[in-house]
1. Grab the Cα-Cα distance for residue 217 and residue 129, subtract it from 0.36 nm times how many residues apart they are, and report the gain in nm with one decimal.
2. Between segment 66-92 and segment 180-240, how many Å separate their Cα centres?
3. Tell me, what is the Rg over Rh of segment 122-250, with Rh the Kirkwood radius over Cα pairs?
4. Residues of segment 408-422 with backbone nitrogen within less than 13 Å of a virtual label 7 Å along the Cα-to-Cβ line of residue 390, please, listed as ranges.
5. Compute the distance in nm between two label points, each set 7 Å from the Cα along the Cα-to-Cβ direction, one at residue 237 and one at residue 71.
6. Compute the distance in nm between two label points, each set 7 Å from the Cα along the Cα-to-Cβ direction, one at residue 106 and one at residue 51.
7. For the pair residue 282 and residue 423, what calculated FRET efficiency results from E = 1/(1 + (r/R0)^6), where r is the Cβ-Cβ distance and R0 = 60 Å, to the nearest 0.05?
8. Compute the long axis of helix 115-124 from its Cα atoms, compare it with the longest principal axis of the Cα atoms of the chain, and write down the angle in degrees, 0 to 90, nearest 10.
Ligand code: NIG
Ligand code: FE
């Protein structure tokens, strides 16, 4: 008999997304579907997944245990969003409107807008202001079914403000039910003060800021924007070598607009993930397919920038790349906290199957943060991070657009969203 303090009984469909994780090729089509599935947890950890008969045989509810009726609902692991730029201040709706009128993202950047607008606003924000912005965005993520998220710095671009962003991420992690994985991305851009002195900025990053981030234990990952006019392949390699020496795990914003070979570099350097990859080459796909490096695809970006070109997801899945999905939540190129919307875009624009997209937003997304032992699937021993959706079957999640069918969210065995409303924070 397993003791349980929380159980959900008879979900119309329960998708476990069970491992082995990571999932490649046709394994991505298996969502571990249980009809009339039941799940139970004790102290935040899953102790049972199975049918009702086995539940009554194997599970003993504690006296004050909570049983939720899952009839009519579909249960999935909480979404894992492995790429966000959460701690930013200000917004860019005016620049967005310029893009609607025909200016490109690159043209705005050349006029000193774009990322720089957000850097200015973020530098001006106090810790308290930034924290409060993060907490309300995390609420929005939670209410749309995300229970674990990554968050990057990269709008400070100096020691004081990069550390401020990372401190705020740490505080947000402590204050909010969502588990946050922190990434130092001082190499998101070259700050305008250093435009003609990139090498000096790289020294500042690696010699001064990086050791401080490490000493204060403010980030687990290091990320670089490897792109024309930002950091070249050689510069990216140099930066990640320093970051690895300092004990960081590596992510790379790679081959977003220009096929520089960031995907190959990520695979060669043992990066945990390469992200964006709209312009990945055939050679990049091959290298990634043979490596344990995950490809985080961000279909929100092509959509938001109104570009037809998308990452070649089908080719990547077929060749055996570990494909994950994320929002890239940021004010310039993907202003959404909703992983459900990303899942829908993955199906509509990247031509991923619904099952592939679900696995990419849960199991493989957890792998892309090295958190696959804790989250990303509903399996015994993992965290009870479960979202109950008010849909009769899982394809409905992609089929019914423009609504948020989240009914209940359970994080770490605790009900944090009930009937679509946040209970905590
Ligand atoms: O991940 N690619 C680089 N940076 C962000 C966009 C940042 C911004 O526009 O503020 C991204 O898409
Ligand atoms: Fe990004």
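Quick note: the coordinates plus some simple rules give every number you see, no bench work behind them. Treat the numbers as computed from the prediction; the structure is a model and nothing was measured. Neighbour counts are summed over all protein chains in view; Cβ atoms, including those assigned to glycine, are modelled from backbone coordinates with ideal geometry.
1. 29.5 nm
2. Computed from Cα coordinates, the inter-centre distance equals 29 Å.
3. 0.98
4. Inside the label zone: 408-409, 418-422.
5. Once both label points are built, they end up 6.3 nm from each other.
6. It is 5.8 nm.
7. 0.80
8. 80
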